[in-house]
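The values are calculated or read from the model by the stated rules, or taken from the named source; none is laboratory data. All of these numbers come straight from a predicted model, not from anything done at the bench. Cβ sites come from the backbone with ideal geometry, for glycine too, and all protein chains shown count toward neighbours. The protein model used for the area step is the full one, side chains on, heavy atoms only, and it has no ligands, DNA or RNA in it. Shrake-Rupley method; radii C 1.70, N 1.55, O 1.52, S 1.80 Å.
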Amino acid sequence: VSIIHVHSNIRDYDVTFEESPAFINDLIQLSPRIFVVDQNVWQIYSDSILNDLPREETIVLPVDEDRKNYESVAYLYNQLIDRSAKRNLILISIGGGILQDITGFVASTLYRGIKWIFIQTTLLAQCDSCIGSKTSLNYKGFKNLVGTFYPPHSVHIYTPFLKTLQPLDFFSGLGEVVKLHIMGGDDLIEKYSSIHSLIISKDPDALRQAITQALCIKMEYMTGDEFDLGRRNLLNFGHCFGHAIEAITDFSIPHGQAVVIGMLLANNVSYERGHLTKVVYNDLSEKLLMPTLFNPPARKDLNTVEIINAMKKDKKRVGQGLSLVMLKGDYDLIKVDDLSETEVIHSTQTLIDQLKI
Ligand SMILES: NC(=O)c1ccc[n+]([C@@H]2O[C@H](COP(=O)([O-])OP(=O)(O)OC[C@H]3O[C@@H](n4cnc5c(N)ncnc54)[C@H](O)[C@@H]3O)[C@@H](O)[C@H]2O)c1
Ligand SMILES: [Zn+2]
């Protein structure tokens, strides 16, 4: 069993890589506890890994981006209160990033905070969102507009869950894995490339290695800035364009895949500004980013007018210009607030040409 210790200003906690599903039985022994399970995960695993979960203390929640809202939260408050939840309740969630955001919000607000344990079942949640302390709800069509900072009390990663992910969801998570490895520089990019095909085949050791690296890089950027006021912002590499693309495609392009497209666009801006050499720019595209794109986007998904409008609505934008996190030199990251509309148009057109869409 390997463990990553995460420091948080709210509480420290451990991320444990589990070797066998026996850890679930240990969690069942806790008391008082209630499980909340993603409906799709429940359908797949209720007769196998999750067979011993006590049925009367398991809430199965339908999960999609449209349900990441206050209604799901209120539903859970009601379910928990009906089951006589008290302040000493332990909430145990099993699912992906959406279930994490909903149940984390519930755990952080019910009785001003109850104990919360999380078992991630998607690659995106295992490699990225499980650490970071953020809980988020969508509100009035805006993604992640409402939320709290609340880390889980413990995180358990069991990579065999990833075997049943839809390929598009797996590649979405892979987008964040690749982003974090690029942020780690030459060595990590090399390491990742050498195991890329093992990761795609879901080899447990390769997955564990890549997830561990990704979490360590994320931790490095969060240290000293848990509440996202400065350096942590650089983790938004790929996300400035990415969030815009998610929004204009009505989330039909999943988060991590939009981030891959976002990195391709951001790297083009870096290259044009002279911050990346042609060799590095091409290598990143051909060896890492293009192989992580599950499907090329449709041409209409890269409509520049809509991308620019969506970027203007970014909740983190404070100045007049558009903001962009991009690479500079040897994998350093910078955040600029003077991205021009011309640069958006040029980088988008270049990508459309490269993808021949
Ligand atoms: N709080 C944070 O710090 C943070 C960070 C990044 C992303 N997020 C949020 O996470 C969400 C995306 O998370 P995600 O990519 O994990 O998606 P998700 O939770 O929507 O899961 C993707 C799909 O896979 C299904 N699924 C989950 N586990 C499965 C399994 N083992 N086998 C088969 N199917 C399974 C789900 O039911 C869902 O249909 C977004 O809402 C995003 O905003 C939050
Ligand atoms: Zn992300």
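Here are some notes:
- Sub-6 Å Cβ pairs linking a first residue in the range 103-129 that is more than 13 Å from Ser93 (Cβ to Cβ) to a second residue that is part of a strand (DSSP E or B), at least 6 apart or interchain, are Gln126/Gln120; Gln126/Ile157, ordered by first then second residue.
- Criterion applied to Ile49, Ile44, Ile28, Ile94 was being under 30 Å from Ala206 (Cα atoms) and within 20 Å of the chain's Cα centre (by Cα), and the one residue passing it is Ile94.
- Residues of the range 160-181 that are part of a helix (DSSP H, G or I) and open to solvent by 20 Å² or more (accessible area, probe 1.4 Å): Pro160, Lys163, Thr164, Pro167, Leu168, Asp169, Phe171.
- Residue check, Gly132 on the phi > 0 side of the Ramachandran plot and at pLDDT 95 or above: no
- Taken over the range 207-221, the criterion of being farther than 16 Å from Asp187 by Cα and touching a His at 6+ places or on another chain (Cβ under 9 Å) is satisfied by Met219 alone.
- Positions within the range 209-230 being open to solvent by 60 Å² or more (accessible area, probe 1.4 Å) and either more than 24 Å from Asn9 (Cβ to Cβ) or assigned to a loop (DSSP other than H, G, I, E, B) (or both), in sequence order: Gln209, Thr223, Gly224, Phe227, Leu229
- Filter result (of a type in the set (A, V, I, L, M) and either closer than 17 Å to Gly321 by Cα or open to solvent by 10 Å² or more (accessible area, probe 1.4 Å) (or both)) within the range 231-259: Leu234, Leu235, Ala244, Ala247, Ile248, Ile253
- Asp128 fulfils the conditions (1) more than 8 Å from ligand 1 (Cβ to nearest atom); (2) in contact with an Asp or Glu (Cβ under 8 Å, 6 or more places away or on another chain) except for a single criterion, (1).
- Answer residue from the range 119-152, given it is open to solvent by less than 20 Å² (accessible area, probe 1.4 Å) and in a strand (DSSP E or B) and is farthest from ligand 2 (Cβ to nearest atom) among those: Ile119
- Scanning the range 182-201 for residues that are in contact (Cβ under 8 Å) with a residue 40 or more places away in the chain and either assigned to a helix (DSSP H, G or I) or open to solvent by less than 20 Å² (accessible area, probe 1.4 Å) (or both) yields Ile182, Met183, Gly185, Asp186, Ile189, Tyr192, Ser193, His196.
- Residue check for Arg67: within 12 Å of ligand 1 (Cβ to nearest atom) and of a type in the set (Lys, Arg): yes
- Helices (runs of 4 or more DSSP H) (entirely within the range 13-118) containing at least 1 residues that are out of contact with any strand residue (DSSP E or B) (no Cβ under 9 Å at 6 or more places or on another chain) and buried (at least 20 other Cβ atoms within 10 Å of the Cβ): none
- Applying a threshold of 6 Å to beta carbon distances and a minimum spacing of six or more residues, or different chains, the list of pairs starting in the range 225-254 at a residue that is closer than 18 Å to Gly141 by Cα and ending at one that is open to solvent by 30 Å² or more (accessible area, probe 1.4 Å) and part of a helix (DSSP H, G or I) reads Ile248/Glu306; Phe251/Glu65.
- Long-range neighbours under 7 Å by Cβ, at least six apart or interchain, first residue among the aromatic types (Phe, Trp, Tyr) within the range 153-173, second surrounded by fewer than 20 Cβ atoms within 10 Å (Cβ to Cβ): Tyr158/Glu18; Tyr158/Pro21; Phe171/Phe294
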